[in-house]
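The block underneath contains the structure these notes are about, expressed in structure tokens.
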Amino acid sequence: MTTRPIGIAMPGAAFRFRRIAALAAAGLALVAASALSLALGARGIAAGEVLDAVLRPEAGNNDHIVVRELRLPRTLIGIAAGSAFGVAGALIQSVTRNPIADPGLLGLNAGAALAVVTAISVFGTSSPGQQVWFAFAGTAAAAAVVAGVASAGRAGATPARVALAGAAVAAAATSITTLLLLSNLETLDRFRFWQVGSPAGRDLDALAVLLPALIAGFTIAAAAGRMLNAMVLGDDLARSLGARVGVARVACAVGVVLLCGAGTALSGPIAFIGLMTPHLARRLCGTDHRWTLAASALLGAALLVTADVAGRLLAPPGEVEAGLVVAVIGAPVMVAVVRRSMVSAP
Amino acid sequence: MTGLGGGPDRLTARGVRMAYDGAEVVRGVDLALRDGEILAIVGPNASGKSTLLRGLARLMRPTVGAVLLDGADIRRRPTRDVARVLGLLPQQPVAPDGITVAELVDRGRHPHRGWLRGSGDDRRAVAAALDATGTADLADRLVDGLSGGQRQRVWIAMAVAQEPEVLLLDEPISFLDVAHQIDVLELLCDLNRRRGTSIAMVLHDLNLASRYAQRLAVMAEGRVVAAGRPAEVLTESVLREAFGLDARLMRCPVGGTPIVVPVRRFRGPAAP
């Protein structure tokens, strides 16, 4: 048997170069978006001042205070939440082998929303610091219900059953949320702010609190990359390749809950990032999950921070929340993606 | 137990019964795949062939009995260790969108590989698998864009890259035209001869099965009703019993193996 020279066999050198270039470009996009996020806003601050504010802050300087107290937190939260949504979306799409799966479709956002509304209307919570925990718990509870409903019965949790269970949980949670909101207008007012989703005006302490959850979630995603490469071939093939499908699926579900719960708790539910990012990542980096997960993290963060910056520029002196910007830009982009049949199953 | 020119048993079903939702599909099967042989499992639809294959591949647990790999219960061994010895090609596997041939074949290295990246062994195994299956020219093509025959070759290349000593295939030629059917079977024979891969496959075409397999196992209603050399197994009475088929037998002018000429189907209680 002839053996070809080593090096030609695995995805061509050009392809590998493209993958590295794509990842680097995503990283640069994130750096650029973050820089703009620190530099741009209602108050015009010179670039040099912004740099000083970050590197050599002066206590009484109002420009520095704006950068450090307002712009830096929302940038950090945008990065954290965006990358969490991006990676969570990539995990969900691959584990369920469903290219349109995202935290919204699986009812996780609806679960978080129900928990936050319950917190506001029943427990009278008003501080974002407490809402964080309700959002997180709501996400986890919704995931548990979806997993429980989907795996009931002998057929087990097939991708289709997971999607259907998610849709059912989303519908149920949303209707209860609406019921609570309609019966209490004051709650509606406070909830509206949370619901739109934006990294602005959030609590930076929440990031510190949720950091362990984020780190754990990203670690699970990193460890799952190779396993997912086998899992997307289908359960039978994955098992015969030695993958422990059940274990991997539970681990990924935990990762999704951690990332999605933390992301939603940080910035509110933001649609489309979890849906769009993995498609972009696959388009740029191909099908190897070790690459697409990394790209999803960078692209998700870049998207959310960019949307947040765009929201500041769209309607001065006011702002449009990042969640709205993402939806307004995201919906047409998604339509274009579908029309050009760029949709790819993982 | 050693057999007709074959070596010791590699993969053995011992008193295996299997059921879906309480409905028994495999009803007590004893069957062995011997080292270095090609075994074809044939039988009518719903006779339990594919289910038995899933059991042999440890994808489904027998309700009674056990599957032995090299004499030891397959479920007692870590699944990754088993995957280095035993490969499976399911009936209609689905490739991820946008994956290239080389990447898909590389996925076959999963059980041999560490977390981060492949070794020289992996690259050599993939290159050898592409060569052995005649798919090297397709390496950078997208799997989505291949013809049915090319795609099946690529899937077999993936299984070959896994370097299994025992390879199970579920209806590997059912959706191919006759030329590509021969193509795939020749390829499997080639693997069997050159690498000594022991192969068990579910086939529907009795004539091709008798020509390319050293042994046939005929299943009906969850049991193996006959097993042995094609000439011993393919008889008018076995065809009547297993398929409810009235058939005559001829000799293949190429290989001398039996050729089944169906006459008509028996009606009545014998053929529900």
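Some observations on this one:
- Which listed residue, of A:196, A:162, is surrounded by fewer than 18 Cβ atoms within 10 Å (Cβ to Cβ), hydrophobic (A, V, I, L, M, F, W, C) and touching a residue at least 24 places away in the same chain (Cβ under 8 Å): A:196
- If the condition is being within 14 Å of chain B (Cβ to nearest Cβ) and either in contact with a Phe, Trp or Tyr (Cβ under 9 Å, 6 or more places away or on another chain) or in contact (Cβ under 8 Å) with a residue 24 or more places away in the chain (or both), then the range A:133-154 contributes only A:154.
- Residue selected from the range A:115-138 under the condition out of contact with any Ser or Thr (no Cβ under 6 Å at 6 or more places or on another chain), part of a helix (DSSP H, G or I) and of a type in the set (Val, Ile, Thr), by the criterion surrounded by the most Cβ atoms within 10 Å (Cβ to Cβ): A:116
- Residue A:177 meets all of the listed conditions (1) closer than 28 Å to residue A:93 by Cβ; (2) under 21 Å from the mean Cα position of the chain (by Cα); (3) surrounded by 21 or more Cβ atoms within 10 Å (Cβ to Cβ) but one, namely (2).
- Any hit, the range B:248-262, residues being in contact with a Gly (Cβ under 8 Å, 6 or more places away or on another chain) and not polar (S, T, N, Q): no
- Applying the set (1) closer than 23 Å to residue B:8 by Cβ; (2) surrounded by 14 or more Cβ atoms within 10 Å (Cβ to Cβ); (3) basic (Lys, Arg) to residue B:76 leaves exactly one unmet item: (2).
- Considering only residues in the range B:216-272 that are basic (Lys, Arg) and either part of a loop (DSSP other than H, G, I, E, B) or outside the structural domain of residue B:47 (by TED's automatic domain parsing) (or both), the one that is modelled with the lowest pLDDT turns out to be B:267.
- Every condition in (1) of a type outside the set (Val, Ile, Thr); (2) touching a strand residue (DSSP E or B) at 6+ places or on another chain (Cβ under 9 Å); (3) on the phi > 0 side of the Ramachandran plot is met by residue A:197 except one, and the failing one is (2).
- Boolean, residue A:219 is assigned to a helix (DSSP H, G or I), β-branched (Val, Ile, Thr) and free of Cβ contacts under 8 Å to residues at least 40 places away in the same chain: yes
- The set of residues in the range A:280-317 that are in a helix (DSSP H, G or I), of a type in the set (Ser, Thr, Tyr) and either surrounded by 24 or more Cβ atoms within 10 Å (Cβ to Cβ) or within 14 Å of chain B (Cβ to nearest Cβ) (or both) comprises A:292, A:296.
- Each residue in the range A:243-279 was checked for being of a type outside the set (Gly, Ala, Ser) and within 14 Å of the chain's Cα centre (by Cα), and 16 pass.
- Some residue of the range B:58-76 being within 14 Å of another protein chain (Cβ to nearest Cβ), closer than 24 Å to residue B:157 by Cα and part of a helix (DSSP H, G or I): no
- The residue that is nearest to the other protein chains (Cβ to nearest Cβ), counting only those in the range A:226-268 that are part of a loop (DSSP other than H, G, I, E, B) and surrounded by fewer than 24 Cβ atoms within 10 Å (Cβ to Cβ), is A:242.
- Pair list, Cβ under 7 Å, 6 or more apart: the range B:136-150 residue outside the structural domain of residue B:174 (by TED's automatic domain parsing) and of a type in the set (Lys, Arg), other residue at pLDDT 90 or above and not in a helix (DSSP H, G or I): B:141/B:100
- Residue ranges of helices (runs of 4 or more DSSP H) in the range B:77-177 with at least 1 members more than 11 Å from every other protein chain (Cβ to nearest Cβ) and within 20 Å of residue B:40 (Cα to Cα): B:148-161
- Cβ pairs under 9 Å, 6+ apart, first in the range A:35-61 and β-branched (Val, Ile, Thr) and at pLDDT 85 or above, second exposed (fewer than 12 other Cβ atoms within 10 Å of the Cβ) and assigned to a loop (DSSP other than H, G, I, E, B): none
- Hey, residue B:209 assigned to a helix (DSSP H, G or I), touching a helix residue (DSSP H, G or I) at 6+ places or on another chain (Cβ under 8 Å) and either buried (at least 20 other Cβ atoms within 10 Å of the Cβ) or more than 14 Å from every other protein chain (Cβ to nearest Cβ) (or both) or not: yes
- Considering (1) in contact with a Pro (Cβ under 6 Å, 6 or more places away or on another chain); (2) farther than 19 Å from residue A:305 by Cα, the lone condition that residue A:125 does not fulfil carries the number (1).
- Some residue of the range B:12-19 being in contact (Cβ under 8 Å) with a residue 40 or more places away in the chain, polar (S, T, N, Q) and farther than 27 Å from residue B:257 by Cβ: no
- The range A:103-145 - residue that is within 15 Å of the chain's Cα centre (by Cα) and of a type in the set (S, T, N, Q) and, of those, nearest to residue A:183 (Cα to Cα): A:109
- Tallying residues that are touching an Asp or Glu at 6+ places or on another chain (Cβ under 8 Å) and away from every other protein chain (no Cβ under 14 Å) within the range A:92-108 yields 1.
- Breaking point among (1) among the charged types (D, E, K, R); (2) over 23 Å from residue A:243 (Cα atoms); (3) at pLDDT 90 or above, for residue B:144: (3)
- Yes/no for residue A:277 being buried (at least 24 other Cβ atoms within 10 Å of the Cβ), more than 14 Å from chain B (Cβ to nearest Cβ) and in a helix (DSSP H, G or I): yes
- In the range A:210-225, the residues that are under 20 Å from residue A:137 (Cα atoms) and surrounded by fewer than 17 Cβ atoms within 10 Å (Cβ to Cβ): A:211, A:212, A:215, A:216
The values are calculated or read from the model by the stated rules, or taken from the named source; none is laboratory data. Owing to the predicted nature of the structure, the values given are computational and were not obtained by experimental measurement. Neighbour counts run over all protein chains shown; Cβ positions are idealised from the backbone, glycine included.
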